[in-house]
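The values are calculated or read from the model by the stated rules, or taken from the named source; none is laboratory data. Everything numeric here is computed off the predicted structure, so don't read it as measured data. Cβ sites come from the backbone with ideal geometry, for glycine too, and all protein chains shown count toward neighbours.
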């Protein structure tokens, strides 16, 4: 059974807000905003809306401007917007749709039509979200895949650059994994990857942290608003947690059980530089960890 979807209704008329909220509250969790500024704040709240019903004509920031700002922000760009307006000429509707809205409802409100359209768009969003999760998930381990990592890195890089906040990345390799695969076979190697992935993901407990499998035995952990000391501490905990699994590795030239090497990179992003600079920093630290004995974490910061 689906959890109730969150609907945000934006209108400068308290009467219109009351009518729309009454129509929708039986099936959805409804929040309301009486102006554009409040709407943008609620759209970026910890529990963002699944869909926004947005009045076009509002004093100050009108609905078109609100929609434009929502679509420009990566954090809110994918929230479906339905315009609600008393203006029903073709040009207004075309303009609203050109800004990225998915539908245009004309006042006066007809409850059955609003309910049906909102239900349909919520179901479409759920289907799209499910498909997106599947395309962003590593099929073997169930954690994020390389595409998920790349998308998150781009988003967090932009956020950190705007806020001038530190961003940390941990690059992780399973030590001597080819030898493990050769000795225990691919089914055994797959089981090892699954256990390592689950353990790494459990170690990164904050909602904004991301652990992803970037290919083969390579993993990455992206840590927004985390300084070098905090990232190195987590990397050490990950290293210990994998060692504590006690997975036998008979062919390892360095340890008798499965271990990982970790490289930590930390910097405060600048608008003119690419996110790849953080990846390069973490990779260089990972190389140093491998070169000095493996089963350890080394950090580099700027």
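Brief remarks follow.
- Scoring residue 288 on the criteria (1) farther than 22 Å from residue 198 by Cα; (2) surrounded by 18 or more Cβ atoms within 10 Å (Cβ to Cβ); (3) touching a strand residue (DSSP E or B) at 6+ places or on another chain (Cβ under 8 Å) leaves a single failure, condition (2).
- Qualifying residue in the range 187-205 (condition: outside any helix (DSSP H, G or I) and closer than 23 Å to residue 244 by Cβ): yes
- The condition (being out of contact with any strand residue (DSSP E or B) (no Cβ under 6 Å at 6 or more places or on another chain) and in contact (Cβ under 8 Å) with a residue 12 or more places away in the chain) is satisfied by just one residue among 129, 190, 173: 190.
- Check on residue 253, surrounded by fewer than 18 Cβ atoms within 10 Å (Cβ to Cβ), within 21 Å of residue 221 (Cα to Cα) and out of contact with any strand residue (DSSP E or B) (no Cβ under 6 Å at 6 or more places or on another chain): no
- Filtered by the rule that a residue be without any contact (Cβ under 8 Å) to a residue 24 or more places away in the chain, within 25 Å of residue 128 (Cα to Cα) and over 25 Å from the mean Cα position of the chain (by Cα), the range 41-94 gives 93, 94.
- Scanning the range 200-210 turns up at least one residue that is crowded, with 20+ Cβ neighbours inside 10 Å, assigned by TED's automatic domain parsing to the domain that holds residue 290, in contact (Cβ under 8 Å) with a residue 60 or more places away in the chain and within 28 Å of residue 51 (Cα to Cα).
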